[in-house]
Structures are given as structure tokens and as C-alpha cells.
Amino acid sequence: MDFWPEFMATSWGREFVAGGFGGVAGIISGYPLDTLRIRQQHSSNSGSAFTILRRMLAVEGPSSLYRGMAAPLASVTFQNAMVFQIYAILSRSFDSSLPLEEPPSYTGVALGGVGTGAMQSLLLTPVELIKIRLQLQQHTTRTNSGGGPVSLAKTILRTQGLRGIYKGLTITVLRDAPAHGLYFWTYEYVRERLHPGCRKTGEENLTTMLVAGGLAGVASWVACYPLDVVKTRLQQGHGGYDGIADCFRKSVKQEGYRVLWRGLGTAVARAFVVNGAIFAAYEVALRCLFSQLTPAYVVTGK
């Protein structure tokens, strides 16, 4: 009976809830664009994002834009709490000599982000695999299969085991480790440029949070996008690819190097919206949950 009040009385509890708010805001705001991106990456015949959007709305209905959202939404609270907590710990560990009153160096921020991206891949890989397969289902296929995220996960585990549910783990680590390093570095750098001194005081405004978070998302996605295309194709469940190198080689041979950047415009638009929402919701939630304004690097470092 006393668990929730005690949980919320701790900094970890409030950070967990704030991370959940950020993750939910990011998923809801950007999921339709994510669905369009996945379909663009899947096939060279899919057309532009607007063509796919019109076709999906006409044939499959508006709900098709949110197909497969249950899997990432169900895990997003824990995932975001884990990401922010691990990042805070790792970024501090590279600057252990600094007092808590000082923000971690940009080097510590980047290295902490790299470690965070690698570790979160363990949770993210099965979630994204299920999400991708549901997003690529056409209406008729989905009707015949009758499967949602739980049913699909059970089928994969039953037929392929853990190896099947973790297909794409290596490429996910290769994508997320450097991308998260750039992601957190960009956020910290841009917010400081837009609002000098805010890394120490935590007094930046909502516009700074939205812009810094949005640009951080754009930078990280542009840097890792070719790897994301390969990951989508490896996790789609068919295609006859024998590993990362084989998928890369066959994709380029069949469709040219442009295939590695297909859907980038959609991904960039989504990244700005989603990551601006994530950081803004996270920071605002922290300010509501804590009785006094505390810099985010101190809050998450506890």
C-alpha cells in the first residue's frame, strides 16, 4: 500500500516517471512518420512518403499509421528511464573528479551516450523487430494472421527461440552506440549555445528544450541512417540476407547506394518532432515532480 508514495519520494522514482512521460510523448508524436519511414526503407517500389500516406489512408485506414505501436509504447517507460539513468551514471563516471555542482564534460557526455546506446540495444532489439514486422503488414495479411505484438512475439519465440527475437542485435548496437553519443553531445552543446549557463543552472526555457532535443535527434539519425536501413531489412522477417555485410551488399547491388538513404527526409522530420517532445516532456515533468528547480544532470545522477 505504501509502495507508490515511497517510490515517488525518491529521485529514482520521479526520474522514472519523467522518463516515461518523455517516451510516451515521443512515441505518440512521431509514430505515423516512423511507419512511413519503415515502409520507404522496405521497398524501392513504395514511392514517396506522401504516396505511401495517401495509399495507406485510402486502403488501410488511419489506424494503419499506428499499427504496432503497442509494443514500443508498452516498453517505453522502462526504456526511457533506463536510458536517462545509464547515461547520467556513465557520463559522470568519465568525469569522476568533477564535483556534482559542475556538469559533465562534453567528452564524458559523448562517451556516456555511446555506452547508453549499446546497453539499451538489449531491450530495444526485440521491441523494434516486432514493431517493424507489424508496420510492414498489409491489411489483408494482418486480418489473416490475426496477430498483435504479443501474438507475434510468442510465434517468434516458439518457432525461432531467443535467437529469432534478438535478430538484428549486432546491427542495433552498431547503430545506437555512436548515434547516442552524438545525440546527447548535440543536446548538451545546443542547449548551452541557445541558453548560456543552463547546463549548470537548468533554467532553459521550453523553446530551448524543443530545439536542442529536435536537433539532437536529427544529428543522430543522419549519422546512423544507412545502418538503420540495413537493420530494417534484416529484421523484416524475409529477404534472404545472410548477415549485415550480405544485406548491405545485396541492397546496394540491386538498388544502388541511394537505397541507404531512402526515407531520410521522413526520418529527419520525425526525429525533430519526437526528440524535441521527449526532452521537453522529460524536463518539464522533472520540474513538476521536484519541489525546486534542479539541473537535469544532478537529478539523473542521484
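Just a few scattered comments:
- Summed over the stretch 33-48, the residues that are at pLDDT below 85 and part of a helix (DSSP H, G or I) give a count of 2.
- In the stretch 98-111, the residues that are without any contact (Cβ under 8 Å) to a residue 60 or more places away in the chain reach residues that are among the polar types (S, T, N, Q) and part of a helix (DSSP H, G or I) with C-beta atoms within less than 6 angstrom, at least six apart or across chains, in these pairs: 108/91.
- In the set 103, 72, only one residue is over 17 Å from the mean Cα position of the chain (by Cα) and either modelled with pLDDT of 80 or more or under 23 Å from residue 18 (Cα atoms) (or both); that residue is 103.
- Figure legend. Inter-residue proximity from the stretch 250-266: first residues on the phi > 0 side of the Ramachandran plot, second residues among the basic types (Lys, Arg) and modelled with pLDDT under 90, beta-carbon distance below 9 Å, spacing 6+ or different chains. Indicated pairs: 263/37; 263/39.
- The combined condition, being buried (at least 21 other Cβ atoms within 10 Å of the Cβ), of a type in the set (A, V, I, L, M, F, W, C), touching a Ser or Thr at 6+ places or on another chain (Cβ under 8 Å) and in a helix (DSSP H, G or I), is fulfilled by residue 132.
- You will find that of 72, 104, the residue that is buried (at least 17 other Cβ atoms within 10 Å of the Cβ) and not in a helix (DSSP H, G or I) is 104 and no other.
- Residue match in the stretch 149-163 (condition: outside any helix (DSSP H, G or I) and either under 15 Å from the mean Cα position of the chain (by Cα) or not small (Gly, Ala, Ser) (or both)): no
- Residue in the stretch 136-144 that is crowded, with 18+ Cβ neighbours inside 10 Å and of a type in the set (A, V, I, L, M, F, W, C) present: yes
- Among the criteria (1) modelled with pLDDT under 95; (2) surrounded by fewer than 21 Cβ atoms within 10 Å (Cβ to Cβ), the one residue 194 does not fulfil is (1).
- Of all the residues in the stretch 34-60, those that are within 20 Å of residue 271 (Cα to Cα) and either surrounded by 13 or more Cβ atoms within 10 Å (Cβ to Cβ) or polar (S, T, N, Q) (or both) number 13.
- Scope the stretch 205-260; condition of a type in the set (S, T, N, Q) and either surrounded by 14 or more Cβ atoms within 10 Å (Cβ to Cβ) or in a helix (DSSP H, G or I) (or both); matching residues: 207, 208, 220, 232, 235, 236, 251, 254
- All positions within the stretch 124-179 that are modelled with pLDDT under 90, closer than 18 Å to residue 38 by Cβ and polar (S, T, N, Q): 135, 137, 138, 141, 145
- Residue identified as within 17 Å of residue 124 (Cα to Cα) and either of a type outside the set (S, T, N, Q) or buried (at least 19 other Cβ atoms within 10 Å of the Cβ) (or both) among 162, 182: 162
The values are calculated or read from the model by the stated rules, or taken from the named source; none is laboratory data. Keep in mind it's a predicted model, so treat the numbers as computed, not measured. All Cβ positions, even for glycine, are placed from backbone atoms using ideal geometry, and neighbour counts span all protein chains on display.
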